[in-house]
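All remarks here apply to the structure that follows.
The values are calculated or read from the model by the stated rules, or taken from the named source; none is laboratory data. Keep in mind the model is a prediction, meaning the values are calculated, not measured. Please note: Cβ atoms are built from the backbone with ideal geometry, for glycine as well, and neighbour counts cover all protein chains shown. Note: accessible area is taken over every heavy atom of the protein model, side chains too, but ligands, DNA and RNA are not part of it. Shrake-Rupley method; radii C 1.70, N 1.55, O 1.52, S 1.80 Å.
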Amino acid sequence: MRSFRKLALGASVLVLALSACSTGGSGTTIKIGSDDFDEAKVVAEIYAQALEAKGFTVDRAGIGLGARAVTAAALESAKIDLKPEYLGGGLQHYGGTPDRQPDTNRDLLQGKLNAVGGGITVLNYAPAQDSNAFVIRKDTADQYHLAKMSDMAPVQNQIKWGLATDCPTNALCAKALKDEYGLEPTNVTYLGACSGPMADALLKKTVDVAELCSTGPEIKTNGWVILEDDKQTQPAENIVPIVRNDLLAKIDQAKFKDALNAVSAKIDTATLAQLYYDVAVGHKDLKDVASAWLKSAGLVS
């Protein structure tokens, strides 16, 4: 996740509309939220259905709430109780320096969240990652014999680059490209990373390499090539549930954690990409996709 992902902030007004749904004890309603893109929304829906299967009551009003800045504020202020997060992007949001190892990022993120919003707990992370990726069309890969980022230096000024608008100031972009790969491209168009315009620019050959999200459904749809980050410049971006401690104090913690940890254990990167694809490209109903996956994974009957 996702430090580069650009999301609409207009949904922030919804934060004020979310109600504090219940008092406590066994009647507590769990308010689930997510960032406003299909991958995060389908994972949040999976959390919701997995919890309902264990007898919990769920409020979905916060799913698709807005950008990370919006959902983080909602979680900190108890407008929502639970959301999917990305280890590296979440850690960076709270002022940490992401690492390439997921265990390190989890521990560092937990350290930051201990003092936020009365305390927030990071549960088990999934094997699945959605990281920032540099993507090219197959014709470009074939023409210049490109498979990994280290292949780019000799041809960097022969091709057109699509980079994130914040790339010049983001240590995970311009600095990493220069320091690790010797890349300082001159023919650059700046667009929102992981955005529709970025994908369209690559499709229409306005750019030849585009900064996208590694699980983006447009990559599969168009048969594009993700360049291997062979210097490992990008942090671990495993997806993980984070939850308010005051909610945990009101409910059966063991049952709650077991339900979500079981979900995380089953979601690998290929699964995450397929879930994203089914909703964003297949236009399947969010709840149907979540339900079908939970059944196929043996997590609900």
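Here is how the numbers come out for the structure above:
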read-out	value
Antiparallel %, DSSP beta bridges [both residues in region 132-226], to 5	55
The chain, relative contact order [Cα under 8 Å, separation at least 6], %	28
Accessible area in square angstrom per residue, the chain, 1.4 angstrom probe	41
Mean Cβ neighbour count within 10 Å, used as a protection proxy, ranking 261-274, 287-300 highest first	261-274, 287-300
Antiparallel bridge percentage (DSSP; both residues within the chain; nearest 5)	55
Computed over region 163-301: relative contact order in percent, which uses C-alpha pairs under 8 Å that are six or more apart	20
Over the chain: helical MRE at 222 nm, DSSP H runs n ≥ 4 each giving -39500 (n - 2.57), nearest 500	-11000 deg cm²/dmol
Geometric extent, Cα atoms of region 61-100 - Rg, Dmax (angstrom)	10.7, 34
Residues of type lysines that residue 83 reaches as a straight line, Cα spacing below 23 Å, ignoring anything fewer than 8 places off in the same chain	6, 31, 41, 54, 112, 250, 255, 257, 266, 284, 287, 295
Share of carbon and sulfur in the accessible heavy-atom surface of region 132-226 [1.4 Å probe, %]	51
For region 132-226: lysine pairs under 22 Å (alpha-carbon distance), excluding those fewer than 8 apart on one chain	17
Whole-Å semi-axes of the ellipsoid equivalent to the chain (Cα gyration tensor, √5λ, descending)	35, 20, 17
